[in-house]
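Engineer: Submitted below is the structure of interest, expressed as structure tokens.
Derivation of every value follows stated rules applied to the coordinates shown; laboratory data play no part. These numbers come from a predicted model, not from an experiment. Heads up, the Cβs are rebuilt from the backbone with ideal geometry, glycines too, and the neighbour counts pull from every protein chain shown.
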């Protein structure tokens, strides 16, 4: 299928006034959808970029952030390598510090105007965003990832998918108290297995068009 060009929405930059967050099952194409959606709407896209921004904010190496990216790591309280105090008085677990730092960056980016943000509980960090969840059946996710990583073992890929999903689910529930992937927590849930990422893009654009017609 061709790129997102045919779905371009004239005046989208002026019409869209909200941050769009994308949560996704691993291998569902959620990140690709976010990239294409940001391009169509001509607004910034953020994913891994949040790591560098947050790392700079609290002066922690990017590598440390990657260790905790969207999953909880149980730290040894006696190991100071996993602690970085905001002050001399309090010692805050690194996982919590990173969540707070990323949340601060997410709010700062949102204050600058519309953008697309993938993952990192952005849908719960922000109070007035449009929240999308992307999912697909396991067989479709395995096929997609194996196409991206040729030579991979199918069983190992399924194990990896389940592990990443579990970590994302635990992380989301731990920091938000809500169920990751539960339809009621999102404005729109799209399944990429049948229609692909471009089909999901058209569905999202239709939803956003209805939204803007309501506020217009």
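Engineer: Highest mean first, how do 176-187, 106-117 rank when packing is the count of other Cβ atoms within 10 Å averaged over residues? List each step's numbers first, then the result.
Structural biologist: Numbers: 176-187: 13.8, 106-117: 18.0.
Most protected by this proxy first, the peptides run 106-117, 176-187.
Engineer: Rank by packing, highest mean first: peptides 44-57, 154-167, with packing defined as the count of other Cβ atoms within 10 Å averaged across residues.
Structural biologist: On the way: 44-57: 17.1, 154-167: 14.3.
Ranked by mean Cβ neighbours within 10 Å, highest first: 44-57, 154-167.
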